[in-house]
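First the structure, in the form of structure tokens, and then the observations on it.
The values are calculated or read from the model by the stated rules, or taken from the named source; none is laboratory data. Source: prediction; values computed, not measured. We place every Cβ from the backbone using ideal geometry, glycine too, and count neighbours over all the protein chains shown.
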Amino acid sequence: MPDIRKVRRRIKSVQNIAKITRAMEMIAASRMRKAQERGLQGRPYAEKIEQVIADLAALPETSLRHPLLQKRDIKKIGVVHITPDRGLCGGLNANLNRQLGNFILKQEVPVEVVAVGRKGRDFSVRSSCSLCAEFTQLSDKPSFIDTLPISNIVIQEYTEGTIDMVYISYAQFITTMVQKPVLHQLLPVQPAEIPGGQNVDYIYEPTAEAVLGNLLPRFVEMEIYHAILESIASEQSARMVAMRSATDSANELIGELTLIYNKARQESITNELLDITGGVVALE
Amino acid sequence: MPSFKIDIVTAERIVYSEDVDEVVAPGVSGQLGILPHHAPLMTTLEAGELVVRKGGQEEIMAISGGFLEVRPDHVIVLADQAERAEEIDISRADEARKRAEDRLKVKQTGMDALRAEAALRRALVRLSVAEKLRRRRKV
């Protein structure tokens with residue numbers, strides 16, 4: 001027979017856990033909504049800038065003269081690895097880090113990591129990757145300016161020739177239930193193909209090169225900012241789902257434990273009754 | 001009178017999106033007025049005031065650099081930062097101006113001086129936009 005007091009204590013503690021996970025689920029849900037909204041608000045900017053770069057890169061005279069467009073021999077690769085700062089979000093961190101690990105193992109040249117977020121930083125340190133910069137403790141709602149140091153370092157390393165190619169790895173937000181770790185090329189900038197016939201003859205002021213030169217760093221900054229927003233939305237939704245399932249299993253466990261508790265209680269009452277009646281019988 | 005659509009967007013939000021009659025923007029090579037049926041144009045913008053006119057009414061915005069694209073059907077402003085006049089926090093802008101001025105007083109060279117100058121310009125633009133709005137409200 002299980003110890004009644006222990007079962008009761010166990011139920012209490014599971015109830016407390018359920019309360020906490022429930023609260024965390026709700027917090028994550030509200031943060032996720034906000035993160036999604038922010039992501040959507042930035043989308044027009046992202047679309048426009050992509051369009052303009054495609055237009056500009058299609059011009060014959062600007063063809064790949066800008067350093068951020070130039071392809072070089074690859075001697076070293078950089079990866080901007082964006083992860084959450086905190087855990088308790090299901091398999092998200094593990095998946096992201098595994099993706100980075102696999103990527104590094106596949107490369108023939110050395111890889112340098114720019115870690116954004118504590119979980120990725122810890123992973124890089126643990127697996128002794130060469131870490132060239134780390135940014136942790138970004139807030140839940142970073143402004144565009146907060147993310148500029150990250151893009152500055154990437155652009156600087158790239159233009160100086162320390163790294164010859166830059167990838168960005170983050171959790172893409174697909175739906176609340178699905179987040180996909182993705183890893184794609186950031187630099188050199190690959191201009192999107194524009195559908196034919198949409199090309200407009202622009203007047204460029206002062207020159208096409210100057211405009212492109214100003215636009216490309218912005219584009220990189222924007223891509224990184226966008227990836228960070230997306231990764232925050234993914235983190236919160238992954239946490240929400242993880243916490244919901246934790247709450248569900250806690251409740252299930254409470255049910256099971258209550259059953260055990262009640263059985264034990266009945267049993268002990270029955271035993272006591274038996275004792276008493278046994279005593280009465282013995283007295284008579 | 002024909003009007004055209006203008007979208008002013010930053011990386012963080014859509015600041016303004018409406019049909020307007022005229023736009024005056026601070027281009028790198030001088031102020032730039034855009035009326036309907038303007039030729040396609042792509043230019044970088046400096047920190048300055050962006051004015052949109054619509055049916056006799058004007059709205060002023062402070063922007064701190066960015067790009068302007070004129071397409072056949074509408075105008076897109078990709079701003080680094082943009083604020084409508086009524087959103088500007090005057091005391092904060094004033095503080096930023098003082099900070100930038102202090103930094104400029106200490107003689108510096110290269111990047112730091114450039115950055116301080118840019119910060120000062122941004123603060124001044126904000127202040128002047130906010131000032132204009134206040135004056136108009138008084139009238």
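Worth pointing out:
- Of the residues making up the range A:8-49, those that are farther than 13 Å from A:VAL241 by Cα, buried (at least 17 other Cβ atoms within 10 Å of the Cβ) and of a type in the set (A, V, I, L, M) are A:ILE11, A:VAL14, A:ALA18, A:ALA35, A:ALA46, A:ILE49.
- When the range A:197-230 is filtered for residues that are in contact with a Pro (Cβ under 7 Å, 6 or more places away or on another chain) and more than 8 Å from chain B (Cβ to nearest Cβ), only A:ILE228 remains.
- For the range B:73-88, residues that are modelled with pLDDT under 80 and more than 14 Å from the chain's Cα centre (by Cα) total 1.
- Only a single item in (1) within 14 Å of chain A (Cβ to nearest Cβ); (2) more than 14 Å from the chain's Cα centre (by Cα); (3) part of a strand (DSSP E or B) is not met by B:ARG115, and it is number (3).
- Test: B:ALA116 is modelled with pLDDT of 85 or more, surrounded by 15 or more Cβ atoms within 10 Å (Cβ to Cβ) and among the hydrophobic types (A, V, I, L, M, F, W, C): no
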